[in-house]
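Throughout, read-outs are computed from the coordinates displayed, never taken from laboratory work. Keep in mind that this is a model prediction, so the values were computed, not measured. Cβ placement follows ideal geometry from the backbone for every residue including glycine, while neighbour counts extend to all protein chains displayed.
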Amino acid sequence: MLARKRLILGIALSLILILSGITAGLWYLFFHGLSPLSRLVLLGLGVLFAFFILIALLGLAGVVLIILRHRPLPFFERPVRILITRLLPLVMYLGRIFNVAKEKLERSFIEINNTLVRTRAVTVPPSRLLILAPHCLQYSGCPHKITVKVDNCRLCGRCQIKDLLLLARELGVQLAVVTGGTLARKRVAELRPKAVVAVACERDLTSGLQDVYPLPAVGILNDRPHGPCVDTRVDMERVRQAVLDFLGRPDPKGAL
Ligand code: SF4
């Protein structure tokens, strides 16, 4: 788990070092020769890069400190937000240049996101908690249209939509089944939850969690025993634990 978190933090640090090198080069050029106009452009770029690096370093330090101290640190809130929403796409890109598998990077990000959310210890009323599930959890032969209305599920038990629906009804939380990132964002905008438990694959979770940040959202990866996007599964115990955490109810089996 720790190694997974370190992966993306390490690449973020590498990115900051590369940007620092570029900035040092810009400053060097500024002080050595070139026309006044070129120097002015270099000065602007140098200041911009230096500012970006400072924010990125603060964001990185914030993430590490929050994880180590297991509590939110308000001073780092904005830099962490910028790091997650702006810098991470660059980190992902750099990771791929370093030949790190995309899924590994995405899992690392999801792990960090979940830890940051847990340190905030957010609790919300059941009606403001949304479970977002992917359409691929539904049995591929099921004729019922549950993306429009999840209550259309007949609870036959051929897939885990039944389990999710029963869990949502038992705890009084909202449940939406979506076909992709666009619909997920639409549902979040419509239902206006105060917290989200999202189930999806690495790619959808990574983009979705970044999109809704800083809305507290825990990501749970689905299992794909039949390959991607068809008849997927999810560990229901993890979903239940995440929901109970947000509801502030006792968690008999420990953290997620
Ligand atoms: S549990 Fe619901 S969604 Fe799944 S196959 Fe049965 S009716 Fe369809």
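Using the crude model of +1 on Lys and Arg Cβ and -1 on Asp and Glu Cβ, and no other charge, please compute the dipole size for region 122-247 relative to its Cα centre, in debye to 20.
Numbers: 17 positive and 12 negative charges, 80 e Å.
That gives region 122-247 a dipole magnitude of about 380 debye.
Positive end of the dipole of the chain, charges at C-beta (+1 Lys, Arg; -1 Asp, Glu), about the Cα centre: which of Q138, V41, L9 has its Cα farthest in that direction?
Q138
Which GluC sites (Glu not before Pro) in region 13-109 pass both tests, a DSSP loop state and at most 11 other beta-carbon atoms within 10 Å? Mind showing how you got there, number by number?
Values: sites: E77, E103, E106; in loops: none.
Loop-located and lightly packed - none at all.
Ratio of region 3-81's C-alpha Rg to 2.2 N^0.38 Å, to two decimals? Before the final figure, lay out each step's value.
Numbers: Rg = 16.0 Å, N = 79, 2.2 N^0.38 = 11.6 Å.
That ratio works out to 1.38.
Calculated FRET efficiency, R249 and R169, Cβ-Cβ r, R0 22 Å, to nearest 0.05? It would help to have the intermediate numbers written out before the result.
Working: r = 16 Å, r/R0 = 0.73.
With R0 = 22 Å, the Cβ-Cβ based efficiency is 0.85.
Expressed as an acute angle from 0 to 90° and rounded to the nearest 10, what is the orientation of the C-alpha long axis of helix 202-212 relative to the principal long axis of the chain?
Tilt of helix 202-212: around 80 degrees.
If you take every DSSP beta bridge whose two residues both sit in the chain, what share of them, in percent to the nearest 5, is antiparallel?
Numbers: 1 of 15 bridges.
Among the beta bridges of the chain, antiparallel pairing accounts for roughly 5 percent.
Roughly speaking, what is the stretch gain from R71 to C156, that is 0.36 nm per residue apart minus the C-alpha to C-alpha distance, in nm to one decimal? Mind dumping the intermediate values first?
On the way: separation 85, 0.36 × 85 = 30.60 nm, distance 4.25 nm.
Between R71 and C156, full extension yields an extra 26.4 nm.
Test of understanding: what is the full-extension gain from D223 to S14, defined as 0.36 nm times their sequence separation minus their Cα-Cα distance? Walk me through the numbers before you get to the answer.
Values: separation 209, 0.36 × 209 = 75.24 nm, distance 3.15 nm.
Net length gain for the segment: 72.1 nm.
Given the C-alpha centroids of region 104-157 and region 222-243, what is the distance between them in whole angstrom?
Measuring centre to centre over Cα atoms gives 9 Å.
To the nearest 20 debye, what is the magnitude of the charge dipole of the chain about its Cα centre, counting +1 on the Cβ of each Lys and Arg and -1 on the Cβ of each Asp and Glu? Kindly include the intermediate steps, with their values, before the conclusion.
Details: 34 positive and 17 negative charges, 53 e Å.
The dipole of the chain has a size of about 260 debye.
Kindly identify region 100-157 as rounded, prolate or oblate by the Cα gyration tensor criterion: order the square roots of the eigenvalues as a ≥ b ≥ c, call it rounded if a/c is under 1.5, otherwise compare a/b with b/c, prolate if a/b is larger, else oblate. Don't skip to the answer; put the middle values down first.
Numbers: a/c = 4.02, a/b = 1.44, b/c = 2.78.
Since a/c reaches 1.5 but b/c is at least a/b, the shape of region 100-157 is classed as oblate.
Neighbour counts of other C-beta atoms within 10 Å: give me F76, F31 arranged from fewest to most.
Details: F76 19, F31 11.
The most exposed by this proxy come first: F31, F76.
Taking a ≥ b ≥ c as the square roots of the eigenvalues of the Cα gyration tensor of the chain, is the shape rounded (a/c under 1.5), prolate (a/b larger than b/c) or oblate? All intermediate terms of the calculation are to be shown ahead of the outcome.
Working: a/c = 2.56, a/b = 2.11, b/c = 1.21.
Because a/c hits 1.5 or more and a/b exceeds b/c, the chain counts as prolate.
Looking at F75, T119, N99, which one has the Cα that reaches farthest to the positive end of the dipole of region 2-119 (charges on Cβ: Lys, Arg +1; Asp, Glu -1)?
Checking the options against the dipole of region 2-119, the answer is T119.
With runs of 4+ DSSP H residues as the only contributors, calculate the mean residue ellipticity of the chain at 222 nm using -39,500 (n - 2.57) per run, divided by the residue total and rounded to the nearest 500. Walk me through the intermediate numbers first.
Numbers: 9 runs with 144 residues, N = 256.
Calculated at 222 nm, the ellipticity per residue is -18500 deg cm²/dmol.
Using 0.36 nm times the number of residues separating A101 and S38, minus their current alpha carbon distance, what extension gain do you get? Walk me through the numbers before you get to the answer.
Values: separation 63, 0.36 × 63 = 22.68 nm, distance 3.97 nm.
That pair, A101 and S38, stretches by 18.7 nm at full extension.
List the lysines whose alpha-carbon lies under 28 Å from that of K5, not counting same-chain residues fewer than 8 positions away?
K102, K104, K194, K253
Tally Lys and Arg at +1 and Asp and Glu at -1 over the other residues with C-beta under 13 Å from the C-beta of M92: what net charge comes out?
Working: positive: R86, R96, K102, K104, R107, R203; negative: E103, E106, E202.
Residues close to M92 contribute a combined charge of +3.
Taking region 183-241, which trypsin sites (Lys or Arg not before Pro) meet the DSSP loop condition and have no more than 16 other C-beta atoms within 10 Å? Could you put the intermediate results ahead of the total?
Working: sites: R185, K186, R187, K194, R203, R233, R238, R240; in loops: K194.
Sparse-neighbourhood loop trypsin sites (Lys or Arg not before Pro): K194.
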